[in-house]
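First up is the structure itself, then whatever we jot down about it.
The values are calculated or read from the model by the stated rules, or taken from the named source; none is laboratory data. Keep in mind the model is a prediction, meaning the values are calculated, not measured. Heads up, the Cβs are rebuilt from the backbone with ideal geometry, glycines too, and the neighbour counts pull from every protein chain shown. Please note that ligands, DNA and RNA were not included when accessible areas were found on the heavy atoms of the full protein model with its side chains. Shrake-Rupley method; radii C 1.70, N 1.55, O 1.52, S 1.80 Å.
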Amino acid sequence: MRSSAFSALLRAMLLAALALTLAQPCLAGEGKQSPAPKRGILLVAFGTSVPEAVTAIDSLKQQAEAAFPGVPVRMAYSSKIIRDKIAGEGIAKRAPAQALADMAAEGFTEVAVQSLHAIPGKEFHDIVSTARAMEGMPKGIGKITMGLPLLSTPHDIKAAAAAILASLPKRGKGEAVVLMGHGTEHPANAAYAALQLALWKQDKSVFIATVEDTPGLDEIIPDLMRLGARTVHLTPLMSVAGDHARNDMAGPEADSWASKLKAAGFIPKADLTGLGSRPAVSRLWIDHLKDAVKALDQ
Ligand code: CO
């Protein structure tokens, strides 16, 4: 009995000593008062090397600023290839880690990071890792929250399907739409199949194909034929209508989607509008940003 009471006392003393030790560096440092809270937003797009495509990203930034008046909104590009490419043209864009380091230096204490990606693939998970690594560094940003990509939760899929259908022009019989997703070997590629199912529940003439993975355009051409489509509208399922949309989708080369569809007997009509420039859809990214900002308060 006595010895256990003694060891409890000893433990309490040790804990008190430890607490003092932990508090010490703070007293010995730059003062114990925490810095005045300063909130910011960081939007992270994949990025684009096409100057005309930047309008979609600018539009998303303006919407974020309108949703949070007085909160500074910064921008980063997650693609190193894009950053390096445009750096050669004199356009400097920051990586997510650099943007967060700059914000820390400017005294931001809490930052909501919003991904402007379509699906939660590798690019998104890299941003999450970066944000986690940058959170709580000495004299850095105390709290960093993450806003999800467009097509993340089952609710997102449903909302995106409705928003995409609402933003497409009215079509008659014999007309179909093919949305060009990027595609990835990451498991998040399944988001395209989920969205396809949600679209088909409302409209059997809207298809998704991807540039880099499955389904490819070739896989859906038989479906377009079965539907009896003559005219096929092409538009990107990406925040911007960048290089993939302008070249792989609408370009004049023989292996572009427009050329392949033409060769298969369809009349292709390309619409170079990124999802960031379709207000019904871009609003959903801003909804995710609102969740991330709300999470700063928790
Ligand atoms: Co690509």
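Given the criteria open to solvent by 10 Å² or more (accessible area, probe 1.4 Å), at pLDDT 95 or above, of a type in the set (Asp, Glu) and under 28 Å from PRO236 (Cα atoms), does GLU135 qualify?
no
Out of the residues in segment 158-196 meeting the condition of being of a type in the set (S, T, N, Q) and away from the ligand (no atom under 16 Å from the Cβ), tell me which one is farthest from SER282 (Cα to Cα).
Out of the qualifying residues, it is GLN196.
Which condition does LEU234 not pass, out of (1) open to solvent by 20 Å² or more (accessible area, probe 1.4 Å); (2) away from the ligand (no atom under 16 Å from the Cβ), if it passes all the others?
Going through (1) open to solvent by 20 Å² or more (accessible area, probe 1.4 Å); (2) away from the ligand (no atom under 16 Å from the Cβ) one by one, LEU234 breaks only (1).
One residue is enough: does segment 203-213 have a residue meeting the conditions touching a residue at least 40 places away in the same chain (Cβ under 8 Å), away from the ligand (no atom under 16 Å from the Cβ) and under 22 Å from the mean Cα position of the chain (by Cα)?
No - not one qualifying residue is present in segment 203-213.
Residues of segment 246-269 being open to solvent by 60 Å² or more (accessible area, probe 1.4 Å), within 16 Å of the ligand (Cβ to nearest atom) and closer than 21 Å to ASP223 by Cβ, which ones?
ASP255 - this is the single residue of segment 246-269 that is open to solvent by 60 Å² or more (accessible area, probe 1.4 Å), within 16 Å of the ligand (Cβ to nearest atom) and closer than 21 Å to ASP223 by Cβ.
Could you list, in sequence order, the residues of segment 200-214 that are under 21 Å from ALA258 (Cβ atoms) and open to solvent by less than 40 Å² (accessible area, probe 1.4 Å)?
SER205, VAL206, PHE207, ILE208, ALA209, THR210 - these are the residues of segment 200-214 that are under 21 Å from ALA258 (Cβ atoms) and open to solvent by less than 40 Å² (accessible area, probe 1.4 Å).
Can you tell me which residue in segment 84-112 is surrounded by the most Cβ atoms within 10 Å (Cβ to Cβ), limited to those that are among the β-branched types (Val, Ile, Thr) and over 20 Å from ASP126 (Cβ atoms)?
Only one residue fits best here, namely THR109.
Is segment 149-169 home to any residue that is modelled with pLDDT under 95 and out of contact with any helix residue (DSSP H, G or I) (no Cβ under 6 Å at 6 or more places or on another chain)?
There is at least one residue in segment 149-169 that is modelled with pLDDT under 95 and out of contact with any helix residue (DSSP H, G or I) (no Cβ under 6 Å at 6 or more places or on another chain).
Working only within segment 231-270, note down all residues that are basic (Lys, Arg), within 20 Å of THR48 (Cα to Cα) and assigned to a strand (DSSP E or B).
None - no residue of segment 231-270 is basic (Lys, Arg), within 20 Å of THR48 (Cα to Cα) and assigned to a strand (DSSP E or B), so the list stays empty.
Looking at (1) surrounded by fewer than 17 Cβ atoms within 10 Å (Cβ to Cβ); (2) more than 17 Å from the chain's Cα centre (by Cα), which is the only condition ALA280 fails?
(2)
Looking at LEU217, is it at pLDDT 95 or above, assigned by TED's automatic domain parsing to the domain that holds VAL54 and closer than 22 Å to ILE157 by Cα? So that I can check it myself, show each step before the final result.
Values: at pLDDT 95 or above: yes; assigned by TED's automatic domain parsing to the domain that holds VAL54: no; closer than 22 Å to ILE157 by Cα: yes.
No.
If you check ASP223, ASP287, ASP243, ASP297, which single one turns out to be within 16 Å of the ligand (Cβ to nearest atom) and closer than 26 Å to LEU151 by Cα?
ASP243
Considering (1) without any contact (Cβ under 8 Å) to a residue 24 or more places away in the chain; (2) open to solvent by 20 Å² or more (accessible area, probe 1.4 Å); (3) in a loop (DSSP other than H, G, I, E, B), say which one THR273 fails and leave the rest.
Failing condition for THR273: (1).
I'm trying to understand the selection: among the residues of segment 138-160, which are closer than 21 Å to SER239 by Cβ and surrounded by 16 or more Cβ atoms within 10 Å (Cβ to Cβ)?
Within segment 138-160, THR145, MET146, GLY147, LEU148, PRO149, LEU150, LEU151, SER152, ASP156, ILE157, ALA159, ALA160 qualify.
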